[in-house]
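The block underneath contains the structure these notes are about, expressed in structure tokens.
The values are calculated or read from the model by the stated rules, or taken from the named source; none is laboratory data. From a predicted model like this one, the values you see are computed outputs, not experimental measurements. Every residue, glycine among them, receives a Cβ derived from its backbone with ideal geometry; neighbour counts consider all protein chains shown. The protein model used for the area step is the full one, side chains on, heavy atoms only, and it has no ligands, DNA or RNA in it. Shrake-Rupley method; radii C 1.70, N 1.55, O 1.52, S 1.80 Å.
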Amino acid sequence: MRYFLEIAYDGTNYHGWQIQPNAISVQQVLNDCLSTVLRETIETIGSGRTDTGVHAEQQFVHFDVARTLNKTEACYRFNRILPPDIAVKNIYEVLPEAHARFDAIARTYEYRICLQNNPFLRAFSYFLGRHPNVEQLNEAASALLNFEDFTTFSKVKGDTKHYQCQLYQANWQLRDPDMLIFTIRANRFLRGMVRLIVGTLLDVGSGKLSVAAFKEVVASQDRRMASAAAPATGLFLIKVEYPENFLMIK
């Protein structure tokens, strides 16, 4: 049987989603939990990777198990074993060919910036300490929708075969007077892409980079032109989308 899990996690203590040698990852902890509860070796596949320190309000994974699960009981038992910074929110029985990564049609990230030092938000936002020009930020962000090649905002390492992404949304808004949110939605994202975009946009907001110069940076397809990546602590994967009724098959 194949199942999808909807999970959430605080990425602070993890070296990203994906299993890697000599480092703790969300995927490894989840695999160990599922294997213990279900008493067989379980390997999960996620809808996408998140980097070290990045959080997820919604992440989907799929896994196969030899028997039919009582979904309510399984969720309860998973959450009893998982550490408090990882949570299983829902479980769905799906068709055998359903794939958490390849069937996803869109993903949405938020980058959260705190404009006033707040000890209760420090782990989940980037403290900027100054108010950037939001109008300039949005003018530059909207220009991203005119591009498809985001080589400029991709880390060199990895197995990426191409740098084409279809962006559907990129905008900034003040959620309250001291919390500035960047929302970006696309069919796919490159490794490190959102944090590099945010870091470069913040140079626009501070006046260090003009909107016209920002467009030239994107068009250059040169990773050396991007600014430093924004810190991981403010980045959240908040939504993964699938075709209509995809998770309601069973």
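Within region 61-77, how many residues turn out to be aromatic (Phe, Trp, Tyr) and in contact (Cβ under 8 Å) with a residue 60 or more places away in the chain?
The first filter runs over region 61-77 and keeps only residues aromatic (Phe, Trp, Tyr), leaving 63, 76.
Imposing the further condition that a residue be in contact (Cβ under 8 Å) with a residue 60 or more places away in the chain reduces the set to 63.
The total comes to 1.
Among the candidates Thr41, Thr52, which residue alone is outside the structural domain of Gly192 (by the TED database), open to solvent by 80 Å² or more (accessible area, probe 1.4 Å) and out of contact with any Asp or Glu (no Cβ under 8 Å at 6 or more places or on another chain)?
Details: Thr52 fails: open to solvent by 80 Å² or more (accessible area, probe 1.4 Å).
Result of the check over Thr41, Thr52: Thr41.
Considering region 4-43, the residues that are under 20 Å from Phe124 (Cβ atoms) and in a loop (DSSP other than H, G, I, E, B) include one that is farthest from the chain's Cα centre (by Cα), namely Ile24. Return yes when Thr36 is more than 20 Å from Asp103 (Cα to Cα) and hydroxyl-bearing (Ser, Thr, Tyr) and no when it is not. Answer is yes for this residue.
Applying the condition of being without any contact (Cβ under 8 Å) to a residue 40 or more places away in the chain and polar (S, T, N, Q) to region 1-24 and asking which residue is most open to solvent (accessible area, probe 1.4 Å) yields Asn22. Considering the conditions (1) farther than 17 Å from Gly199 by Cβ; (2) charged (D, E, K, R); (3) surrounded by 14 or more Cβ atoms within 10 Å (Cβ to Cβ); (4) in the same structural domain as Ser220 (by the TED database), Lys155 is excluded by exactly one of them, (1). Looking across region 188-222, the residues that are under 19 Å from Thr52 (Cβ atoms) and open to solvent by 30 Å² or more (accessible area, probe 1.4 Å) come down to Phe189, Arg191, Arg195.
Of the residues that sit in region 85-105 and are part of a loop (DSSP other than H, G, I, E, B) and open to solvent by 40 Å² or more (accessible area, probe 1.4 Å), which one is farthest from Thr68 (Cα to Cα)?
Residues of region 85-105 that are part of a loop (DSSP other than H, G, I, E, B), as a first pass: 85, 95-105.
From what's left, open to solvent by 40 Å² or more (accessible area, probe 1.4 Å): 95-97, 101-103, 105.
Details: Leu95: 13, Pro96: 13, Glu97: 16, Arg101: 23, Phe102: 24, Asp103: 22, Ile105: 27 Å.
Here the residue is Ile105.
Are any of the residues in region 156-165 among the basic types (Lys, Arg) and in a loop (DSSP other than H, G, I, E, B)? Yes - at least one qualifying residue is present in region 156-165.
Do we find a residue being within 16 Å of Arg107 (Cβ to Cβ) and either outside any loop (DSSP other than H, G, I, E, B) or not basic (Lys, Arg) (or both) anywhere in region 200-218? So far as region 200-218 goes, no, none of its residues is within 16 Å of Arg107 (Cβ to Cβ) and either outside any loop (DSSP other than H, G, I, E, B) or not basic (Lys, Arg) (or both).
Scan region 211-225 and give yes if some residue there is over 30 Å from Gln58 (Cα atoms), among the acidic types (Asp, Glu) and at pLDDT 95 or above, otherwise no. Show your work before the answer.
Going through region 211-225, the residues over 30 Å from Gln58 (Cα atoms) turn out to be 211-217, 219-222, 224-225.
If we keep only those that are among the acidic types (Asp, Glu) too, we end up with 216, 222.
Filter once more, keeping what is at pLDDT 95 or above: 216.
Yes: region 211-225 contains one or more residues that are over 30 Å from Gln58 (Cα atoms), among the acidic types (Asp, Glu) and at pLDDT 95 or above.
Residues in region 106-141 that are assigned to a loop (DSSP other than H, G, I, E, B), surrounded by fewer than 16 Cβ atoms within 10 Å (Cβ to Cβ) and either in contact (Cβ under 8 Å) with a residue 60 or more places away in the chain or within 18 Å of the chain's Cα centre (by Cα) (or both): Gln116, Asn118, Arg130, Asn133.
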